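Student: What follows is a structure written as structure tokens; I'll ask about it next.
Laboratory data are not the source of any read-out in this text; all were calculated from the coordinates shown. This is a predicted model, so every value here is computed, not measured. In this analysis, Cβ positions are derived from the backbone assuming ideal geometry, glycine residues included, and neighbour counts consider all displayed protein chains.
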Amino acid sequence: MTAGPALLVLEDGRTFRGESYGAQGETFGEAVFNTGMTGYQETLTDPSYHRQVVVMTAPHIGNTGINDEDSESSRIWVAGYVVRDPARVPSNWRSRRSLDDELIAQGVVGISGIDTRALTRHLRERGAMRVGISSIESDPAALLDRVRASAQMSGTELASEVSTGETYVVPAIGEPRFKVAALDLGIKSMTPHRMAERGIEVHVLPATTTFEELKAVGADGLFFSNGPGDPAATTGQIELLQAALAHGMPYFGICFGNQLFGRALGFGTYKLKYGHRGINQPVMDRTTGKVEVTAHNHGFAVDAPVDGPTQTPYGLASVSHVCLNDDVVEGLELRDDQGALKAFSVQYHPEAAAGPHDASYLFDRFVQLMSGLDDAPSSLLDHQEA
């Protein structure tokens, strides 16, 4: 079936015309761009993209189709999808259906055949903004009115909309060594799998879990996952984390879990102009001096001083990782007065499906933390002097 015309309108009035891709209809969300050249299936099924319309900067998308193994959750979460040149015929030995067919089956409205380079440049210059895609509306002015009436991302709490409704357990692979309580704020399936590979039994908990319910799990450590929304609109999970830190529970957070860790420690958060989304972001681990190529998906960041520790009610907090593109805080660590590591988090994705895997060591660091071991130096200077 030949695709019909489609229309994309940004909230500042910039308009693109192309062809319908995926489901027919109309959708709204925050326009963001992803710089990954691979891993589109994992991107589509990442709950952190809830209520976002994703623009792919790589021009050719869909060439490997959709398989039944690589999804990061049970459904596609993006609000809409924008590609330049969709594959006409998928080709991969694991492919079960085309990307276009999957978008149609899940009701995801998209657009193809537009200049995604021009759209990405516009978002870099003007910042992430609301957008509408429609294959049923031909009048840009009418669609623009509906775009401007749609919900903003700032100030919106979304983790409760993507979290599990009930607790489930991902068993350890091999002999169980530890038990971790993982708060699902939009968790990706690869994350508990990476822990299970290290002998961790993962109890995935709803976002509304209380501290009493957390203690009932009898976990050796607490984990906060990635997720969508504005961290400044979240309160209950921060109170839970503060209670856990006060009780000395080892903590590891990823992405949204990094932002909530920052807020629990007393730092603020802010919205980035256009965010970091892709699988090619350089980050320096200041505890080792090593630079990692990492996977990112975040539009908010922690506002914390990069130089020197900050005294908090739970210990000394410091920035452990920074992005080498723009100096954004990419990780935090909490140590006691003797310098022992108590908790840490990163803004990026060490589980990294479809890659890269430079940061997978962070799961080992979590194991060391729960073991009562701390082999990592507390700063780049310490590492250089060692």
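Student: Determine ³J(HN,Hα), in whole Hz, for all residues of segment 89-98 in sequence, where each value follows from phi through the Karplus function 6.51 cos²θ - 1.76 cosθ + 1.60 and θ = phi - 60°; x replaces Gly and Pro.
Tutor: Karplus values, whole Hz, x for Gly and Pro: 9, x, 9, 6, 5, 9, 5, 10, 6, 7.
Student: Pairs of alpha-carbon atoms within less than 8 angstrom and 6+ residues apart define the contacts here; what relative contact order does segment 159-385 have, in percent?
Tutor: Contact order relative to length: 17 percent.
Student: Cα centroid distance between segment 164-231 and segment 272-327, in Å?
Tutor: Each part reduced to its Cα centre gives a spacing of 23 Å.
Student: Mark the label point 7 Å from the Cα of Asp85 along Cα→Cβ and return the residues of segment 104-124 whose backbone N is within less than 19 Å of it.
Tutor: Backbone N within reach: 111-121.
Student: Once Rh is set to the Kirkwood radius over Cα pairs, what Stokes-Einstein translational diffusion coefficient, in µm²/s, holds for segment 1-93 at a temperature of 20 °C and a viscosity of 1.002 mPa s?
Tutor: Translational D for this selection: 152 µm²/s.
Student: Can you spot the lysines whose alpha carbon is less than 21 Å from Lys215's alpha carbon? Ignore those fewer than 8 places along the same chain.
Tutor: Candidates past the 8-residue exclusion: Lys179, Lys342.
Student: Continuing with this model, one more query. If we sort 251-258, 170-177 on the protection proxy, mean other Cβ atoms within 10 Å, highest first, what's the order?
Tutor: 251-258, 170-177
Student: Let me ask you something else. Cβ under 13 Å from Ala243's Cβ, Ala243 left aside: what net charge do those residues give with Lys, Arg +1 and Asp, Glu -1?
Tutor: Charge balance in the 13 Å sphere: -2.
Student: Restricted to Cα positions, what overall size does segment 159-385 have along the principal axes? Three whole-Å values, descending.
Tutor: Principal extents (Cα only, largest first): 41, 37, 35 Å.
Student: Give me the extension gain from Ala105 to Arg148: residue separation times 0.36 nm, minus the current Cα-Cα distance, reported in nm with one decimal.
Tutor: The Ala105-Arg148 span can extend by a further 12.7 nm.
Student: Per residue, how much space in cubic angstrom lies within the convex hull of the C-alpha atoms of the chain?
Tutor: That works out to 131 Å³ per residue.
Student: Let's see if you can work this out: charge +1 on each Lys and Arg Cβ, -1 on each Asp and Glu Cβ, no other charges. What is the dipole magnitude of the chain about its Cα centre, in debye to the nearest 20?
Tutor: So the magnitude is around 760 debye.
Student: Give the value in nm², to one decimal: projected area of the alpha carbon convex hull of segment 115-166, averaged over all directions.
Tutor: Across all orientations, segment 115-166 yields a mean hull projection of 5.8 nm².
Student: Cβ under 13 Å from Asn297's Cβ, Asn297 left aside: what net charge do those residues give with Lys, Arg +1 and Asp, Glu -1?
Tutor: Local charge sum for Asn297: -4.
Student: Give the relative contact order (percent, whole number) for the chain; include only Cα pairs under 8 Å separated by 6+ residues.
Tutor: Over the chain, the number comes to 14 percent.
Student: Given contacts defined as C-alpha pairs under 8 Å and at least six residues apart, what's the relative contact order of segment 5-148, whole-number percent?
Tutor: 37 percent
Student: Hey, another quick one. Classify segment 250-381 as rounded, prolate or oblate, taking a ≥ b ≥ c as the square roots of the eigenvalues of its Cα gyration tensor: rounded when a/c is under 1.5, otherwise prolate if a/b is larger than b/c and oblate if not.
Tutor: oblate
Student: Between Glu239 and Trp93, how high is the FRET efficiency from 1/(1 + (r/R0)^6) when r is the Cβ-Cβ distance and R₀ = 51 Å? Nearest 0.05.
Tutor: Plugging the Cβ-Cβ distance into 1/(1 + (r/R0)^6) gives 0.60.
Student: Report, ordered by chain and residue number, the aspartates and glutamates lying within cross-link reach of Lys188, taken as a straight Cα distance under 17 Å and ignoring same-chain residues fewer than 8 apart.
Tutor: Glu42, Asp46, Asp68, Glu69, Asp70, Glu72, Glu161, Glu166, Glu197, Glu201, Glu351
Student: What order do you get for 185-196, 220-231, 119-130 when each peptide is scored by the mean count of other beta carbon atoms within 10 Å, highest first?
Tutor: Going from most to least packed, we get 220-231, 185-196, 119-130.
Student: Still on this model: Antiparallel as a % of all DSSP beta bridges within the chain, to the nearest 5?
Tutor: 65 percent
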